[in-house]
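Contents: one structure, followed by commentary.
The values are calculated or read from the model by the stated rules, or taken from the named source; none is laboratory data. Fair warning: this is a prediction, and the values are worked out from it, not measured in the lab. Note that each Cβ is placed from the backbone with ideal geometry, even for glycine, and that neighbours are counted across all protein chains shown. Heavy atoms of the whole protein, side chains included, go into the accessibility calculation; ligands, DNA and RNA do not. Shrake-Rupley method; radii C 1.70, N 1.55, O 1.52, S 1.80 Å.
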Amino acid sequence: MPLARKWIALIGAQVFSPYPIVTEKRPMDYNHILEALNEASLFELYRLNVAIANQLDDPARIRNAKQALCVGQTVSWFDSGQNRLVEAHLLKINRTRAVVKNIGDGRRWTIPFYLINLDGQDAEIASTKRRGLDRNSVKVGDRVAFKDRNGHENFGEVVKLNQKSAAVLVGSVRWRVSYGLLESVIDGALGNEELALPGTWRQLEGASGEIEDAEIEEIPKDDD
């Protein structure tokens, strides 16, 4: 089966079909989709990206999303900078975007409707033995472990995600570590190492952990 058709089958016909789907909606298998995308060329990825972008901007889809929302309700939206869902209160519904206020930190954002998890879907993309940890499977707040060149294991918390590496807080120092060198930590305390790690890792200077995403825009607190 050609890759394009394979992706459509994996992602679900309801994404591209002009006809209504009467069968029960199933959650997407993100790992299955990513495995298929790994076989694609750069052009094929771009072509699929254009098709998905058209669906994200579809007025009918946006209208349906707006009808399912009401001001004051609690929603969860996907923060790509942290690679995780964030709970927030819905403050305002505009023509193409929503204004939300995060419950955790009180920060307000204007976001496109497609970032809101209306169906309560699981947004986690678990690592696999074949792929390991990567930008899709690590999120801010995860506890991770990595080894230095002497074989010593270090524990820390992910505080920022970059394209090829994660910023990990070890003690009071931030370090940039390639995703492929990280391992998930389910139980156990964070380490207290504060010494520089030799070799692959280097200290981050002035890393703030701020969100850098053109899709969303933070609203200053004074603009009430």
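Legend: distances between Cα atoms for LYS101/LYS139; LYS66/LYS160; LYS139/LYS164; LYS66/LYS101; pairs beyond 22 Å are LYS66/LYS160. On the beta carbon distance between LYS66 and GLU87, with R0 = 22 Å, the FRET formula returns roughly 0.65.
Residues whose amide H falls under 5 Å from that of LYS160, counting only those 5 or more places apart or on a different chain, are ALA167, with hydrogens built in the peptide plane. Sorted largest first by accessible area at a 1.4 angstrom probe radius, with every protein chain in place, the residues HIS89, HIS32 fall in the order HIS32, HIS89.
Over all distinct Cα-Cα pairs of the range 45-99, the Kirkwood formula returns a hydrodynamic radius of 12.8 Å.
A probe of 1.4 angstrom, applied to the heavy atoms of all protein chains, finds THR110 with accessible area near 20 square angstrom.
When the surface is traced with a 1.4 Å probe over the full set of protein chains, TRP77 keeps roughly 0 Å² accessible.
Among ASP29, ASP134, the order of accessible area from largest down is ASP29, ASP134, computed with a 1.4 Å probe on protein heavy atoms.
Working note: Cα gyration tensor of the range 65-170, eigenvalues times five, square-rooted, sorted largest first, giving semi-axes of 33, 14, 10 Å. Each peptide among 34-40, 55-61 gets the average number of other Cβ atoms lying within 10 Å of its residues, and from highest to lowest they stand as 34-40, 55-61.
Largest accessible area first, the listed residues TYR46, TYR30 line up as TYR46, TYR30 when surface is computed with a 1.4 Å probe on the assembled protein chains.
Using heavy atoms of the protein chains and a probe of 1.4 Å, the accessible area assigned to PHE43 is about 140 Å².
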